[in-house]
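To start, the structure under review is shown below, and the notes come after it.
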Amino acid sequence: MTDEPSPIPPDDMNRMLTLSRLNDPAVPVLAQAGGTYTILLTGAQTGGRYCLFDMLIPPGGGPPPHRHDFEEMFTLLDGELHFTFRGETMKAGAGSTINIPSNAPHSFKNHSDQQVHMLCMCTPPGQEDYFLAVGDVLATRATPPPRLTEPEMAERRQRALALASKFKTEFVT
């Protein structure tokens, strides 16, 4: 063993282990882009390194084409989605992991008749704050998203558009 300093910084004793449980009533659950998004870990809980979501995407669900200034990684646990990346579409199924580089235009859509279950990690974090600002809070992960009227859907779209740049997001056509 040498006396040379380790290239790894010392353990930060101010940071603690975080345990997030999917059905914990304290974990925020939101209706967003037609799906149910559970915020498992926030940037505050990860020392500003990333945030993590559990996502349930119903048939027909998924966000419109957009891009943002952070990396986004999806791991499909159940079901299949069509991902569009820079204009090209591919199908991904359970067991697939997809990484979207920052600033690249993308979207996904559930074209099947089954719900999709996946995890999404954003690095650096901040997307959790956007979802909290534009989503509808649900009581539990099993609570269905609200059935919105056309004016309510228009208001949600307008709110998402109005706040997008604050959260380094841009919707593309």
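What follows is calculated from the coordinates using simple rules that are stated; it is not laboratory data. Since the structure is predicted, the reported quantities are computational estimates derived from the model, not experimental observations. As a convention, Cβ positions derive from the backbone with ideal geometry for all residues, glycine included, and neighbour counts pool all protein chains shown.
Descriptive notes on the structure:
- Residue within the stretch 61-80 that is in contact with a Ser or Thr (Cβ under 9 Å, 6 or more places away or on another chain), among the hydrophobic types (A, V, I, L, M, F, W, C) and over 28 Å from Ala142 (Cβ atoms) present: yes
- Residue within the stretch 26-37 that is assigned to a loop (DSSP other than H, G, I, E, B), at positive phi and without any contact (Cβ under 8 Å) to a residue 40 or more places away in the chain present: yes
- Condition met for Glu71 (surrounded by 19 or more Cβ atoms within 10 Å (Cβ to Cβ) and charged (D, E, K, R)): no
- In summary, Tyr50 fulfils each of the numbered conditions (1) within 30 Å of Leu148 (Cα to Cα); (2) among the aromatic types (Phe, Trp, Tyr); (3) in contact (Cβ under 8 Å) with a residue 24 or more places away in the chain with the single exception of condition (1).
- Of the residues making up the stretch 1-42, those that are among the hydroxyl-bearing types (Ser, Thr, Tyr) and closer than 14 Å to Leu138 by Cβ are Thr36, Tyr37, Thr38.
- Residue among Leu17, Leu30, Leu22, Leu40 that alone is surrounded by fewer than 19 Cβ atoms within 10 Å (Cβ to Cβ) and closer than 30 Å to Gln115 by Cα: Leu22
- Residues that are without any contact (Cβ under 8 Å) to a residue 40 or more places away in the chain, touching a strand residue (DSSP E or B) at 6+ places or on another chain (Cβ under 9 Å) and of a type in the set (A, V, I, L, M) number at least 1 in the following strands (runs of 3 or more DSSP E) confined to the stretch 67-173: 80-85, 88-93, 97-100.
- Candidates are the residues of the stretch 117-173 that are among the β-branched types (Val, Ile, Thr) and surrounded by fewer than 19 Cβ atoms within 10 Å (Cβ to Cβ); the one that is nearest to Phe53 (Cα to Cα) is Thr123.
- Restricting the stretch 84-116 to residues that are among the aliphatic types (A, V, I, L, M) and more than 17 Å from Thr36 (Cα to Cα) leaves a set whose member that is surrounded by the most Cβ atoms within 10 Å (Cβ to Cβ) is Ile100.
- Test: residue in the stretch 3-19 that is polar (S, T, N, Q) and not in a loop (DSSP other than H, G, I, E, B): no
- The listed residues are Pro124, Pro146, and the only one of them that is of a type outside the set (S, T, N, Q), more than 19 Å from Ala26 (Cα to Cα) and in contact with a Cys (Cβ under 9 Å, 6 or more places away or on another chain) turns out to be Pro124.
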